[in-house]
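The values are calculated or read from the model by the stated rules, or taken from the named source; none is laboratory data. Fair warning: this is a prediction, and the values are worked out from it, not measured in the lab. Ideal geometry is used to build each Cβ from the backbone, glycine not excepted, and the neighbour counts take in all protein chains shown. Ligands, DNA and RNA are stripped out before the accessible areas are found, and what is left, the full protein with its side chains, is counted by its heavy atoms. Shrake-Rupley method; radii C 1.70, N 1.55, O 1.52, S 1.80 Å.
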Amino acid sequence: MAMDKTFDAAEAEARLYAAWVEAGAFKAGANASRAETFSVLIPPPNVTGALHMGHAFNNTLQDILTRWHRMRGFDTLWQPGTDHAGIATQMVVERELAKTNRRRTDFSRDEFLELVWEQKKRSRGNIRGQLERLGASCDWDREAFTMAGAPGDPGDTPGGQNFHDAVIRVFVDMYEKGLIYRGKRLVNWDPHFETAISDLEVENAEVDGHMWHFKYPLAGGATYTYVEKDADGNVTLEEERDYISIATTRPETMLGDGAVAVQPSDERYAPIVGQLCEIPVGPKEHRRLIPIITDPYPDPEFGSGAVKITGAHDFNDYEVAKRGGIPMYRLMDTKGAMRDDGAPYAEAAEIALAVARGERELGEAECDTVNLVPDDLRGLDRFEARKRVVEQITGEGLAVMTTADDPRLGGKPGDADQTVPLVEAKKIMQPFGDRSKVVIEPMLTDQWFVDAEKIVGPAIEGVENGSTRILPEQDKKVYFNWLREIEPWCISRQLWWGHQIPVWYGPESYSKELMRKGLSSDDLTVPFCAPTFEQAAELARKHYGVSEVVEYFENGAAFWNSDDEYHSRLTRSDVPDDRSDDFVMLARDPDVLDTWFSSGLWPIGTLGWPEDTEAMQKYFPTSVLITGFDIIFFWVARMMMMQYAVVGQKPFDTVYVHALVRDEKGKKMSKSLGNVLDPLDLVDEFGADAVRFTLTSMAAMGRDLKLSTQRIAGYRNFGTKLWNAFRFAEMNGVFADRRCTGSVQVVYADHTVNKWIIGETARVREEVDTALGAYRFNDAANALYAFVWGKVCDWYLEFSKPLFASGDKAVADETRATMAWVLDQCLVLLHPIMPFITEELWGASAERAKMLIHADWPDYQAADLVDESAESEMRWVIAMIEAVRSVRGEMNVPAALKVDLLQVELDAAGEAAWSRNSALIQRLARIESVTVTDAAPKGAATITVPGGTYALPLADIIDVTAEKARLEKSLQKLSKELGGLRGRLGNPKFIDSAPEDVVEETRTLAAEKEAEEVRLKTALARLAEVA
RNA sequence: GGGUCGUUAGCUCAGUUGGUAGAGCGUCUCGUUUACACCGAGAAUGUCGGGGGUUCGAGUCCCUCACGACCCACCA
């Protein structure tokens, strides 16, 4: 067999992967030879997504662990699959539609979902194909999908899991246990996607904003004396005012104000607490009045100390409003535009005024129908409305004024005599949707929540008591911090793509007339939660005492609590005339569940729960979860909570949290920055093994991971190095008579060189196992790199050359056998990290009983295989060669020139090492001959080795000054080291308190250094004689 | 505002219980020897961010300062 000079990754990878699949090498339990199991769940990528470097990293680590355990004979499962990713996927489809000027709402819900399923089908293969390119050894027969089994599923996911049923079942179960509830709450609303989102999906960012200061006039022109005092109680300002000053960054929300709040202790406003003031915007004839109340929330030191309260559009205000019974008026629609529904402003203002005066009370639903947006602002975008509101107030002279040189204005200082509205330029934190990137609006809507507080306990305890381990440790704190202050989790989304909530609503009470006449959405308030309509209908039948239940499907756009559309669908009675009156109508909640609710069930859902499957019994709880820190809250914490809540068990033994992949400059890779490295491009260029090895070698825990192509090229070279080591072995007949080898049996060797490399192999095997066992992937990679390149290639292969050429057949044969074994071990140990090139070499070098992927992982011990005398001998040989090479290099001895060496002095150990290995040394150091002498001649360069001195006669070429400088430099370095050693040894406290072995080690080292110092000094003295 | 982490060779980073600092890349010099120029041989470079402390001994532990990164957070 003639091997190519390099490994053709592009050609080989696909072929090898196909061979593994063909052989069923990835199947759960493949190659299992013991009862222990090892299971790992892939963090499911978005089904319509593409793999990025983070995925490449994450999956490389999983594959390493999987392959490692599989080779060790564990019953191994790597469970693959994808996530339906509600918003993200719906976004992809909507973007596609936009290309042809169509929108989601041009379709019925069912039609649209059909499009999404098609999209899902088209892109499903992408992720899998990409993972295959990386070499991921997932059990594809079990490939799962978080919406498998949902209505519309074409059933093209190979795994048999019905994820949808599992999700629905969990919802119903949690609902019945009171862990899930519905209610009107202030939630984060994404006006672009027109859905609620959870706290976690909001990203706060600092932006340039403004703070406006407005006057809220007191009702009926009332006045009061406004007094400001300094810290000592001295009056600094006293004036008559007919207004209260309010600061706001969001003037458009003034329209929904329900009150103005001040601190109970704030003396400035004490005279007017309880009075009414006027919102300075809206038609003059219908100016709304709101009460001035006290609440602990306002900070007297900030702004004017008075805060406007808009319960429906601000989270703080919401709390204040709840405490104070202040009405919360919703101002915007689902798109974030000012409401354009309901009665004209005049009517709405009338109602609000009555409420403010305490003449009327509003129920929650009723309050939501009151649209307090003035007619001229209705339908405007919220930011446009803000502009108009500011203009109107300012135009009316109700802005707080200041001089143009006021530094708070932020701009260029203006004329001190000129008066301008006080609009502070200010950095403000603004919430953005993590996917839509639009400004999030707090909105008062009906949503479903998981009462997370009730299920968080076991998730905290599980980590506290070590039942589940989180690595690195510091990430535990992040986990705890979040869980200990857990908030209700909003799980309903006003999307179409997702698991529809299994709740049907019926009317408050049953009446035949109502059924005939039709129902409005407000009438449908009694929930029936069940896995199917039939089961919900059964509940309703009993509840209402009727014999039949009719389900109404919503068709077009659906937004539960917003518009008339839904209402009309429900009232558009399709009930046939001949139907009896003995029925009740139910309508299903149109909302779907947060994607993370279903991915939170990934562990049990993929393993076939609620069935008591073999997979559940064997592989649950799973062994380890490998994931990035960015989804600790989104996913890890929720899986912990959910698994405990549903099956009462932890989902995994260990959570390994890895770093984020960044670009060379440390920037997060993102499409907008254009610094994204596509893993597939890199695989194309360098091969999957190189990419994998790079990621592995940089996987130090808990840091960022900066990726550069240079580094990948370096590890590609490493593969080539290994490849060429095999070429060398091949050429030397190492594999000539090998059939069906690859056994873990360690070869027996007699020769020092072979004994030595066997010991080194045992060492690296231990290092690799220890490192992988501790999730120190980089340690494993680096140990292998140093071993293969630095030991096997740099030394062992070089040593073998003279041995093969020696003519001693026994030694040559033994070396061949040893080399075959050592190289096999390299393949075995490297395989988890570099599966392709190793499998290729495995097949190319001999006929094998099994593919490398199923080869046996060795367990030989360094303690058994390291031969100390062989080791110290080889150490001396290497030191000797290096010393000669170093002097040659520094003295500019031509590389091609074979030199004659003089042995000035040498101890017995050196003598023995020399005599047994002279052939190796002479070859590698390019020494022609060695002559024993008592004293070095003049004009020789000195070479010191442990236990001896050599001289290199260079009469003609030696530069005495240069040699002197070289020796002095070495001496200087040595003296410094010796100084430290002697200092320590001279310190009685060190002798007393340091451990015995440390003291002993120091003594030995000092002795060696002293001996070398003597040699160098001798050499210098001789040089002085010459000069 | 709260929290976490980081600051080590020109660059990117290792450095597990404290024992006296390493790798890869880059740079410089030399080079074709039974695999490999995606190679080989050799060389240079660090007051381990500053200061203080504990210790016989600190890159490693403690305090403090500076700078940087990230996460969380409702100041109108």
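Would you work out the relative contact order for segment A:780-901, in percent, from Cα pairs under 8 angstrom that are 6 or more residues apart? It would help to have the intermediate numbers written out before the result.
Details: 43 pairs, mean separation 17.2, N = 122.
RCO, segment A:780-901: 14 percent.
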So how do A:K618, A:K215, A:K976 rank on accessible area, 1.4 Å probe, biggest first, that is with the largest at the start?
A:K976, A:K618, A:K215
On the Cα set of segment A:1-94, report Rg and Dmax in Å, please.
17.0, 56
Considering the Cα trace of segment A:421-462, what is its radius of gyration and what is Dmax, both in angstroms?
18.2, 57
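Using alpha-carbon pairs under 8 Å, 6+ residues apart, how would you state the relative contact order of segment A:200-245 in percent? Intermediate values should be presented prior to the final figure.
Numbers: 45 pairs, mean separation 17.5, N = 46.
The normalised contact order for segment A:200-245 reaches 38 percent.
Shape call for segment A:770-879 from the C-alpha gyration tensor, a ≥ b ≥ c root eigenvalues: rounded (a/c under 1.5), prolate (a/b greater than b/c) or oblate? Walk me through the intermediate numbers first.
Working: a/c = 1.95, a/b = 1.28, b/c = 1.53.
Oblate, because a/c is 1.5 or more while a/b does not exceed b/c.
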Per-residue accessible area for A:H55 at 1.4 Å probe radius, Å² rounded to 10?
40
Once the piece of chain linking A:K177 and A:Q861 is laid out straight, how much longer is it, given 0.36 nm per residue of separation minus the C-alpha distance between them?
240.8 nm
With Cα atoms, 0 to 90° folded angle of helix A:533-544 axis to chain A main axis:
30
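What is the calculated FRET efficiency for A:E977 to A:D794, with r their C-beta to C-beta distance and R₀ = 22 Å, to the nearest 0.05? Show your work: numbers first, answer last.
Working: r = 26 Å, r/R0 = 1.17.
With a Förster radius of 22 Å, E is 0.30.
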Rounded to the nearest 10 Å², what accessible area does A:R435 have for a 1.4 Å probe in the complete protein model?
110
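Counting only protein chains, not ligands or nucleic acids, how are A:Y510, A:Y860 ordered by accessible area (probe 1.4 Å), most first? Don't skip to the end; give the middle numbers.
Working: A:Y510 65, A:Y860 20 Å².
Ranked list, largest accessible area first: A:Y510, A:Y860.
For segment A:146-217, what does the alpha-carbon gyration tensor say about shape, rounded, prolate or oblate, given a ≥ b ≥ c as the root eigenvalues, a/c under 1.5 as rounded, and a/b over b/c as prolate?
Values: a/c = 3.90, a/b = 2.16, b/c = 1.81.
It comes out prolate by the Cα gyration axes.
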Could you give the longest part of chain A that holds none of the GluC sites (Glu not before Pro) found in DSSP loops with at most 15 neighbouring Cβ atoms within 10 Å?
A:665-1027
For segment A:353-434, the Kirkwood Rh over every pair of distinct alpha carbons, in Å, works out to 16.5
Under 5 Å from the placed amide H of A:N371, counting only residues 5+ away or on other chains, we find A:A343
Starting from the Cα gyration tensor of segment A:422-513, take the square roots of the eigenvalues, sort them a ≥ b ≥ c, and report rounded, prolate or oblate (rounded when a/c is under 1.5, otherwise prolate if a/b is larger than b/c, else oblate).
oblate
Sorted largest first, the C-alpha extents of segment A:728-815 along its principal axes in whole angstrom are 46, 28, 23
Rounded to the nearest 10 Å², what accessible area does A:V390 have for a 1.4 Å probe in the complete protein model?
20
Rounded to one decimal in nm, the spacing of the 7 Å Cα→Cβ label points at A:A14 and A:E685 is 2.1
Phi to ³J(HN,Hα) by Karplus 6.51 cos²θ - 1.76 cosθ + 1.60 over segment A:239-248, Hz, x for Gly, Pro:
8, 7, 10, 10, 8, 10, 8, 10, 9, 8
Can you find, among A:C277, A:G221, A:N162, the residue farthest towards the positive end of the dipole of chain A? Put +1 on the C-beta of Lys and Arg, -1 on that of Asp and Glu.
A:N162
Along segment A:348-364, Karplus-curve 3J(HN,Hα) (6.51, -1.76, 1.60; θ = phi - 60°) to the nearest Hz, with x for Gly and Pro, reads 5, 5, 4, 4, 4, 5, 4, 5, 4, 7, x, 8, 8, 10, 10, x, 4
For segment A:842-905, just list the percent of Cα-Cα distances falling in each 10 Å bin from zero outward, please.
15, 24, 19, 22, 18, 3
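For A:E485 and A:V747, what is the calculated FRET efficiency with R₀ set at 51 Å and r taken between the beta-carbons, to the nearest 0.05? Kindly include the intermediate steps, with their values, before the conclusion.
Numbers: r = 60 Å, r/R0 = 1.18.
For R0 = 51 Å, the calculated efficiency reads 0.25.
Normalised radius of gyration for chain A, please: alpha carbon Rg relative to 2.2 N^0.38 Å, two decimal places. All intermediate terms of the calculation are to be shown ahead of the outcome.
Working: Rg = 39.0 Å, N = 1027, 2.2 N^0.38 = 30.7 Å.
Against the empirical 2.2 N^0.38 Å value, I get 1.27 for chain A.
Using the crude model of +1 on Lys and Arg Cβ and -1 on Asp and Glu Cβ, and no other charge, please compute the dipole size for segment A:132-291 relative to its Cα centre, in debye to 20.
Dipole of segment A:132-291, to the nearest 20 debye: 680 debye.
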A:R103 and A:V999 label points (each 7 Å along its Cα→Cβ direction) are spaced in nm at 8.5
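Looking at segment A:100-202 from every direction and averaging, what is the projected area of its Cα convex hull in nm²?
Numbers: hull surface 40.3 nm².
One quarter of the hull surface, i.e. the mean projection, equals 10.1 nm².
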Segment A:100-129 versus segment A:935-1004: alpha-carbon centroid distance in Å
75
Testing the spin-label approximation: label points 7 Å from Cα along Cα→Cβ at A:S245 and A:A879. State their distance in nm.
8.2
What ranking of A:H69, A:H210 comes out by heavy-atom accessible area, probe 1.4 Å, highest first?
A:H210, A:H69
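Between A:S915 and A:H192, what is 0.36 nm times their sequence separation minus the Cα-Cα distance? Round to one decimal in nm. Provide the component values of the computation, followed by the final result.
Details: separation 723, 0.36 × 723 = 260.28 nm, distance 8.20 nm.
Contour length minus the Cα-Cα distance gives 252.1 nm.
Note the full-extension length gain between A:T369 and A:E238 as 0.36 nm times their separation in residues minus their Cα-Cα distance, in nm to one decimal. Don't jump to the answer; show the numbers that get you there.
Working: separation 131, 0.36 × 131 = 47.16 nm, distance 4.31 nm.
Contour length minus the Cα-Cα distance gives 42.8 nm.
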Starting from the Cα of A:A908, step 7 Å toward the Cβ, then list every residue of segment A:832-870 with an amide N under 20 Å from that point.
A:868-870
Using Cα pairs closer than 8 Å and at least 6 residues apart in sequence, work out the relative contact order for chain A, in percent.
12
To the nearest 10 degrees, the tilt of helix A:315-324 (Cα long axis) against the first principal axis of the alpha carbons of chain A is 40
Cut-off under 5 Å, modelled amide H: who pairs with A:M147 long-range:
A:H84
Long-range amide H partners of A:G81 with built H, under 5 Å:
A:A144
Take the alpha-carbon centre of segment A:389-413, take the same for segment A:68-95, and report the distance between them in whole Å.
56
Straight-distance crosslink candidates among aspartates and glutamates, where the alpha carbon sits under 13 Å from A:K476 and sequence neighbours closer than 8 are dropped
A:E461, A:E464
Rounded tilt (10° steps) of A:638-647 against the dominant C-alpha axis of chain A
80
The ³J(HN,Hα) series, computed from each phi in segment A:1005-1022 with the Karplus coefficients 6.51, -1.76 and 1.60 at θ = phi - 60°, rounded to the nearest Hz and given as x for glycine or proline, is 4, 4, 4, 4, 5, 5, 4, 5, 4, 4, 4, 5, 5, 4, 4, 5, 4, 5
Top positive-direction residue, dipole computed over chain A with Cβ charges, set A:S708, A:N754, A:T419:
A:N754
